1. Name, by its number, the condition in (1) surrounded by fewer than 16 Cβ atoms within 10 Å (Cβ to Cβ); (2) free of Cβ contacts under 8 Å to residues at least 40 places away in the same chain; (3) closer than 21 Å to residue 2 by Cβ; (4) under 11 Å from the mean Cα position of the chain (by Cα) that does not hold for residue 39.
2. Quick one: which residue in 3, 24, 18 is in contact (Cβ under 8 Å) with a residue 40 or more places away in the chain and either on the phi > 0 side of the Ramachandran plot or surrounded by fewer than 17 Cβ atoms within 10 Å (Cβ to Cβ) (or both)?
């Protein structure tokens, strides 16, 4: 499973986001993810992919694509 699939799956299963709502350009705030939800999403991604996203700074203004790019950068490292 690649980073985009993991993010989409978690958004759908854990946060109730309809799959059709998610594109790479979608700001996380449009998915109703506040700072607490973003932190929960970060932890879930870390557990699922066995990576450390501690240094990745995300806000609700970032897009799904930026999140996936940050994850891909950590996976490749």
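1. (3)
2. Details: 3 fails: either on the phi > 0 side of the Ramachandran plot or surrounded by fewer than 17 Cβ atoms within 10 Å (Cβ to Cβ) (or both); 18 fails: in contact (Cβ under 8 Å) with a residue 40 or more places away in the chain.
The unique qualifying residue is 24.
No value in this document is a laboratory result; all are computed from the given coordinates. What you see is a predicted model, and the numbers here were worked out from it, not measured in a lab. When we count neighbours, we look across all protein chains shown, and the Cβ atoms used for this are built from the backbone with ideal geometry, even at glycine.
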